[in-house]
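Report on the structure given below.
The values are calculated or read from the model by the stated rules, or taken from the named source; none is laboratory data. Owing to the predicted nature of the structure, the values given are computational and were not obtained by experimental measurement. All Cβ positions, even for glycine, are placed from backbone atoms using ideal geometry, and neighbour counts span all protein chains on display.
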Amino acid sequence: MPVDVTDDFVWITVRDAGSFVPSSFRQITISEEQGINARIGKLQSDPQGSTVVQAYYFKKSQWSVSESEVWVKNHKRSSSIEGRKVRYIDPDQSELRSEYDKVDGPRIYGYAAIFNQKTRLFRGLWEQVAPGAFSESLDLVARKKHNVVALWQHDMSQPLGDIASGTLRVWQDDKGLAYAVNPGKTTYGLNLIENVKRGVVRQSSFGFDILDHSDLRDQETKEVTRTLKNVRLWDVSPVTIGAYPQTEGLDVREMRSAKDEKGNTVYLDGDDVIEPPTVEDSSNVPSAKEINDMVDELKKKFR
């Protein structure tokens with residue numbers, strides 16, 4: 001990671017500035033107390049997509065170069081594989097189980113995602129997966145233009161199977177995204193089979209990129225519901241336990257809040273920046289109370 005030291009700050013670049021839309025750059029404060037800031041912007045390859053971090057910069061009076069580098073490395077390490085988002089579902093929804101096939105041997109079945117289940121990512125932001133959100137990815141798979149892998153614990157060094165080799169099947173039904181994988185005779189694969197049988201491993205997860213989503217703010221609660229309409233599926237994974245096992249679909253790591261130059265709250269999801277204020281505002285939609293008040297007024301007029 002390139003490092004630049006000025007009179008006031010230690011700058012650490014995580015993406016080349018030339019790959020960004022120049023006019024999209026702005027600054028956010030991750031922690032005023034700790035002296036951590038970031039420059040964010042939109043990538044030229046996806047000018048309508050998510051805002052991402054281009055560089056972090058730290059107050060020189062509080063941070064040395066080595067301390068700044070360690071912070072960025074730890075921050076990026078806490079993100080999902082290659083910047084991809086990861087969501088868990090709870091054991092009851094996952095239906096993870098092991099069965100034996102006479103031809104292929106042991107197989108693991110489960111659901112990696114559940115449709116229309118709202119998940120609280122953090123205060124004020126909920127997320128749900130729309131039915132058909134995986135259709136584009138599965139269509140590419142069917143045309144052999146995309147591959148999906150099954151991993152143990154999202155670990156790329158411990159593959160369980162993939163669609164290209166015929167050891168993994170992934171499909172959508174009315175409930176969600178289901179999968180079946182033959183993990184083979186690797187040590188970790190056999191251990192996984194045994195732990196699924198014992199009920200030690202009960203959860204599943206999926207890794208993805210967001211291609212299309214909609215955000216809707218509730219006028220009464222001011223909370224935002226994000227609906228994932230189209231995602232690029234990369235992997236499905238049995239996992240021992242999610243970061244927040246009592247809920248469905250929560251992210252692998254804690255969201256980090258930050259403030260932009262206008263004082264608006266944004267959230268860092270790895271190097272992606274989630275901005276709840278940038279939503280389709282439903283302020284023109286009357287609340288339940290407003291509707292009741294209008295009905296009462298009409299009743300008074302026609303008595």
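Annotations for the structure displayed:
- Taking residues in region 173-190 that are in the same structural domain as Q117 (by TED's automatic domain parsing), and partners anywhere that are of a type in the set (A, V, I, L, M, F, W, C) and surrounded by fewer than 13 Cβ atoms within 10 Å (Cβ to Cβ), the pairs with Cβ atoms closer than 7 Å and at least 6 places apart or on different chains are A178/W171.
- Residue that is modelled with the lowest pLDDT [pool: residues in region 71-89 that are farther than 15 Å from G35 by Cβ and over 16 Å from the mean Cα position of the chain (by Cα)]: N74
- Qualifying positions in region 216-230 - not in a loop (DSSP other than H, G, I, E, B) and not polar (S, T, N, Q): L216, R217, V224, R226, L228, K229
Yes/no matrix, rows are residues, columns are (1) closer than 14 Å to S204 by Cβ; (2) surrounded by 20 or more Cβ atoms within 10 Å (Cβ to Cβ); (3) touching a strand residue (DSSP E or B) at 6+ places or on another chain (Cβ under 8 Å):
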{"residue": "L138", "(1), (2), (3)": "no, no, yes"}
{"residue": "A142", "(1), (2), (3)": "no, no, no"}
{"residue": "N147", "(1), (2), (3)": "no, no, yes"}
{"residue": "H154", "(1), (2), (3)": "yes, yes, yes"}
{"residue": "L160", "(1), (2), (3)": "yes, yes, yes"}
{"residue": "S165", "(1), (2), (3)": "no, no, no"}
{"residue": "D173", "(1), (2), (3)": "no, no, no"}
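- For first residues located in region 20-34 and at negative phi, partners that are surrounded by fewer than 13 Cβ atoms within 10 Å (Cβ to Cβ) and lie 6+ apart or on another chain with Cβ distances below 7 Å form the pairs F20/Q44; V21/Q44; V21/P47; R26/E261; Q27/E261.
- Filtered residues of region 132-169 (kept if within 16 Å of A112 (Cβ to Cβ), modelled with pLDDT under 90 and charged (D, E, K, R)): D155
- Q34 fulfils the conditions (1) farther than 27 Å from L228 by Cα; (2) modelled with pLDDT under 90; (3) part of a strand (DSSP E or B) except for a single criterion, (3).
- Taking residues in region 146-159 that are at negative phi, and partners anywhere that are surrounded by fewer than 21 Cβ atoms within 10 Å (Cβ to Cβ) and of a type in the set (S, T, Y), the pairs with Cβ atoms closer than 6 Å and at least 6 places apart or on different chains are W152/Y188; Q158/Y188.
- The set of residues in region 18-56 that are farther than 25 Å from D212 by Cα and of a type in the set (A, V, I, L, M) comprises I30, I36, A38, A55.
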